[in-house]
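As structure tokens, the structure follows; a few thoughts come after it.
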Amino acid sequence: MKIFHSITDFICSKKTILTLGTFDGVHIGHKKILEKITQSRSVGTENGKYESLVLTFFPHPRMVLQEHSDIKLLNTISEKIDLLEQSGIENLVIHPFDESFSQLTAEEFVKTVLVNKFNIHKIIIGHDHRFGKNRTANIDDLIDFGKQYGFEVEEISAQEINAISVSSTKIRNALEQGDIALANKYLGYHYFLSGTIVKGKQLGRTIGFPTANLKIEENYKLIPQNGVYIVYSIIDGERVFGMMNIGFNPTVDGENHSIEINFFDFDQDLYHQNITVSVLHRIRSEQKFESVSFLKNQLEIDRNEAKSFLDNFLRK
């Protein structure tokens, strides 16, 4: 997949079949659209007559247009790139969204971007898509522009959208409520966190539960609700399971929010390594215990529950 970091950088000698959007999460609804792009490109073409293209934006438009927006995203930009690459798309344009770009009228966007820059053959888009300054244009306007400028518009109907009734907002809400099962169902993969392992207080080591402390640089990444989760990471090509605590460690009067993973049957130095932690299941909420001894007892119960869950998970 070729990656371009602005519309002006994009170069392609062929006509394109494209879609556009924020694609946060690259969930099963997004994948339905991406499949249409790749399938449409391969039908009736002559020696690769068309190329597939996704236009997305960073920062998220709501971060720019809503002054006090505190929106958290399902993917960092690097995570989104990896997920889109898996879809088979040939070209990805990540355009810096700013006030100036938001002021383009619908026709300016169609003419200068879709027609002049992307050499558009077809756009595949949802029936409820709105675009242009103040989002004033709709699918009917886009169809009219298509007739005027000579490109096709394939509308994804309300029935198709409802059949895959998924939205990034629903997934965000599920994660914020700790409903990992629902979020993973909508995503079509296990929600994951990517970051660097850093040194913590090392309390876990003293009670038989050493933890790897995950630091996520991107402050816009959505962290699931505080609690204890069953997780796995791919380390040196092997899938390593464990349990993860998200929260403030109230039993030891923790003040900073942290993400700590206790990997099972694993004793390897991970400091300064970048890892990805995929989340399978939520065990419980974060709790404050009477003492570290009570905490240790609960962690043993959590580990047993996690291993029982994993026995069933690995049999599937």
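The values are calculated or read from the model by the stated rules, or taken from the named source; none is laboratory data. Computed from a predicted structure; not experimentally measured. For neighbour counting, all protein chains shown are included, and Cβ atoms are generated from backbone atoms with ideal geometry for every residue, glycine included.
Filter the range 279-316 for residues that are surrounded by 16 or more Cβ atoms within 10 Å (Cβ to Cβ) and under 18 Å from F192 (Cα atoms) and give the result.
Result: V279, L280, H281, R282, I283, A306, L310.
Let's see how each residue does on (1) within 18 Å of E286 (Cβ to Cβ); (2) out of contact with any Pro (no Cβ under 9 Å at 6 or more places or on another chain); (3) at pLDDT below 85; (4) not in a helix (DSSP H, G or I):
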residue: I161; (1), (2), (3), (4): no, yes, yes, no
residue: S165; (1), (2), (3), (4): no, yes, yes, yes
residue: I171; (1), (2), (3), (4): no, yes, no, no
residue: L182; (1), (2), (3), (4): no, yes, no, no
residue: K185; (1), (2), (3), (4): no, yes, no, no
residue: Y189; (1), (2), (3), (4): no, yes, no, yes
residue: G195; (1), (2), (3), (4): no, yes, no, yes
residue: N219; (1), (2), (3), (4): no, yes, no, yes
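Do you know which of the residues in the range 83-131 that are among the β-branched types (V, I, T) and in contact (Cβ under 8 Å) with a residue 40 or more places away in the chain is surrounded by the most Cβ atoms within 10 Å (Cβ to Cβ)?
Going through the qualifying residues, I end up with I123.
Being among the hydrophobic types (A, V, I, L, M, F, W, C) and either crowded, with 22+ Cβ neighbours inside 10 Å or touching a Cys at 6+ places or on another chain (Cβ under 9 Å) (or both) is the filter; apply it to the range 5-19 and report the residue that is nearest to L53 (Cα to Cα).
L18
Go through the range 255-272 and give me each residue that's touching a residue at least 40 places away in the same chain (Cβ under 8 Å) and surrounded by 15 or more Cβ atoms within 10 Å (Cβ to Cβ).
S258, I259, E260, I261, N262, F263, L270
Which condition number does E290 fail, the rest of (1) under 25 Å from the mean Cα position of the chain (by Cα); (2) at pLDDT below 95 being met?
Going through the list (1) under 25 Å from the mean Cα position of the chain (by Cα); (2) at pLDDT below 95, E290 breaks only (1).
Within the range 78-118, which residues are touching a Phe, Trp or Tyr at 6+ places or on another chain (Cβ under 9 Å) and either at positive phi or of a type in the set (D, E) (or both)?
Residues satisfying the conditions are E79, E107.
Quick check, is K199 surrounded by fewer than 20 Cβ atoms within 10 Å (Cβ to Cβ), among the basic types (K, R) and within 17 Å of the chain's Cα centre (by Cα)?
Judged against the criteria, K199 is not a match.
For the range 1-113, list the strands (runs of 3 or more DSSP E) that sit wholly inside it and hold at least 3 residues that are touching a helix residue (DSSP H, G or I) at 6+ places or on another chain (Cβ under 8 Å) and among the hydroxyl-bearing types (S, T, Y); which are they?
Answer list for the range 1-113: 50-58.
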